[in-house]
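The values are calculated or read from the model by the stated rules, or taken from the named source; none is laboratory data. Just so it is clear, the model here is predicted, and its values are computed rather than measured. FYI the Cβ positions are ideal-geometry reconstructions off the backbone, even for glycines, and counts take in every protein chain you see. Just so you know, the surface numbers come from the protein's heavy atoms only, side chains and all, with ligands and any DNA or RNA stripped out. Shrake-Rupley method; radii C 1.70, N 1.55, O 1.52, S 1.80 Å.
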Amino acid sequence: MPHIMANHMSEFNKIHDAVEPRAAAEGTLGAAIGFARRRPEATIAVVLGIHLVVWMFLPILVSANLQLDLVEDLALGKEWQLGYWKHPPLPWWVADLAYRVVGDVHIVYLLGPLSAVVCMYIVWRLAREVVEPVPAMVAVLALEGIHFYNFSVVKFAHDHTLMVFWALSAFFMYRAVSRGRLGDWMLAGASLAGCFWSKYTAFALAATLGLILLFDPVARRTWRTPGPYLMAATFFIVVAPNLWWLVDSGFLPFRYVNARAVAATHWYQYLTFPLIWTASQLLATLPAIGLLAILLYPGGASTMKPVDAGGFARRYVTAVALGPFLVTTAVAFVLGRQPIAMWGFALWSFAPLAVLMWLRPVTELRRLRRFAGGFVAVFIGFPLIYAAVEIGEPFVRDRPKATQFPGRLLAETITRQWRAMTGLPLSYVGGAEFGMGPGEFAANNIAVYSPDRPHVVVHGDPRLSPWIDMADLDRRGAVLVWQAATPALPDNLLITFPRAQVQPPLILPRQTLYPRAPEIIYYAFVPPRL
């Protein structure tokens, strides 16, 4: 491997020496290409730094209210459970910890872009293990064209921490097999456990890594060493608390997934569901495919030879790039379920690298300029589109969005009325049952924006909220909120809180530049028994 890398480095230096004067003579873009070829690591640092700053501050500037997932992060993360009814706890812990450190709800807008940047850097580190600097840089830059690294990056949630630990697991697993160091095996196990602390869709990566160890001839030899066993032991030690909670709770999150994943009711849906899922992933990655196509389209000169052709590195990267998608698709086909598009969030981090390890990109200056131009269009264009949609959509259609919701006004209004009626701080807030209107979002907004920071009774169901002491709730009282076609108290809230007193509805303006239909929030007070 070292002599192969040295040969390729020599070839790239020759190409660089030949094109550098021409690049410098062709303006800013040419100069940028020359800088990138000389200092790819510095280029990656600059790009990731700009990515972090832009995608952190952009939603703060154009969104009047926190995103749906961000509100949920802060409303429930403060309860510090070993698990929650829908997901593992790690992302919510991270969000609450960040808020406690900074004291401003907007800090959660840092977490999503930071997760993406960390993941991209890990991809860079693995890429540098297996290819030369320039194709490694291209593999990272192409990720800017994947939807999950731009538009979805602002909604920090379980997929974001998953993508970090997913990349770490793949990175340390490669180092463990290729170098044989026990420390890398342990880090691979701990990282894989981090995936499961983030989201249970991590099973697709775990299955892929297991298949690599079973069937790859190089990886299979490691079973004669302590490495795989040490990795497994580390994994189970780190994941044990959440695994205990999962069993103790009766596998609550799996019920949530079962409710969300649409089940086939006709035979043909066993075929159409995988096709729809595949199409969603193709659409999410299409700009990245376009960027790679610029360099891979035949007809130009290339001096880059395949790296580690037919060897473990190329097999491994290909497996982690494509294997989890195939595992997810196969499971969905067998079970007759339609995977949710966002399940692809962590799947594609290594896909550009795998492509570049199989195909020879054209390295002539003309093609590099086209790639650079395409990258700049994506890098600048996507934030502009995001801002335009957030600001301009209300001018063309009336569609309620989380970022326009009057969350702070709602929280302050209800908190003020509660204090006026009871003389007490607001301690508890609950929303409607899942499927009975977006009352949970309204409840979470009150929990986040109210100065009293009340606890949330999830879906108004204490069984989903083990942090709730119903005796204490009965003493202190609670506020119930819901949004539906009728002001009547939803049945699930009426059964759990028979003393609830319905209040006149609140009609609050949405936070848009162009006036649109207001939000109508129904609510009830459960008076305290002191």
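Among the residues of region 392-408, not a single one is open to solvent by less than 10 Å² (accessible area, probe 1.4 Å) and either touching a Pro at 6+ places or on another chain (Cβ under 6 Å) or of a type in the set (A, V, I, L, M) (or both). Only one of the numbered conditions (1) under 34 Å from the mean Cα position of the chain (by Cα); (2) open to solvent by less than 60 Å² (accessible area, probe 1.4 Å); (3) not acidic (Asp, Glu) is violated by His455, and that is (2).
Take Ala330 and decide whether it is modelled with pLDDT of 90 or more and more than 28 Å from Ile146 (Cβ to Cβ). In short, no. Within region 476-506, the set of residues being more than 17 Å from Glu440 (Cα to Cα) and within 33 Å of the chain's Cα centre (by Cα) is empty. Tell me, yes or no, whether region 238-261 has at least one residue that is more than 30 Å from Leu356 (Cβ to Cβ), open to solvent by 80 Å² or more (accessible area, probe 1.4 Å) and of a type in the set (Val, Ile, Thr). Yes; the residues of region 238-261 include at least one that is more than 30 Å from Leu356 (Cβ to Cβ), open to solvent by 80 Å² or more (accessible area, probe 1.4 Å) and of a type in the set (Val, Ile, Thr). Contact map, region 375-395: first residue touching a residue at least 24 places away in the same chain (Cβ under 8 Å), second residue exposed (fewer than 13 other Cβ atoms within 10 Å of the Cβ), Cβ cut-off under 6 Å, separation 6 or more or different chains; pairs are Pro394/Tyr514; Phe395/Tyr514.
Selection over region 84-104 of residues that are part of a loop (DSSP other than H, G, I, E, B) and either among the charged types (D, E, K, R) or on the phi < 0 side of the Ramachandran plot (or both) gives a count of 7. Restricting to region 38-66, count the residues that are buried (at least 21 other Cβ atoms within 10 Å of the Cβ), in a helix (DSSP H, G or I) and in contact with a Ser or Thr (Cβ under 9 Å, 6 or more places away or on another chain). Residues meeting the conditions: 1. Filter region 255-305 down to the residues that are of a type in the set (Ser, Thr, Tyr) and within 24 Å of the chain's Cα centre (by Cα), then identify the one that is modelled with the lowest pLDDT. Checked region 255-305; the qualifying residue modelled with the lowest pLDDT is Tyr256. The number of residues in region 511-530 that are within 34 Å of the chain's Cα centre (by Cα), open to solvent by less than 20 Å² (accessible area, probe 1.4 Å) and more than 24 Å from Arg397 (Cα to Cα) comes to 1. Scan region 67-91 for residues that are within 16 Å of the chain's Cα centre (by Cα), more than 21 Å from Pro451 (Cβ to Cβ) and open to solvent by less than 10 Å² (accessible area, probe 1.4 Å) and jot them down. Within region 67-91, Pro88, Pro89, Pro91 meet the criteria. Per this entry, Arg367 is not counted among residues that are within 19 Å of Gln483 (Cβ to Cβ) and touching a helix residue (DSSP H, G or I) at 6+ places or on another chain (Cβ under 8 Å). Thr328: farther than 18 Å from Ile289 by Cβ, open to solvent by 10 Å² or more (accessible area, probe 1.4 Å) and not in a helix (DSSP H, G or I), yes or no? Here the answer is no, as Thr328 does not meet what is asked.
Pairs linking a residue in region 110-139 that is within 21 Å of Met56 (Cα to Cα) and touching a residue at least 40 places away in the same chain (Cβ under 8 Å) to a residue that is surrounded by fewer than 24 Cβ atoms within 10 Å (Cβ to Cβ) and among the charged types (D, E, K, R), with Cβ atoms under 7 Å and 6 or more positions apart or on different chains, are Gly112/Lys155.
Residues in region 493-510 that are surrounded by 19 or more Cβ atoms within 10 Å (Cβ to Cβ) and farther than 17 Å from Arg419 by Cα: Leu493, Thr496, Phe497, Arg510.
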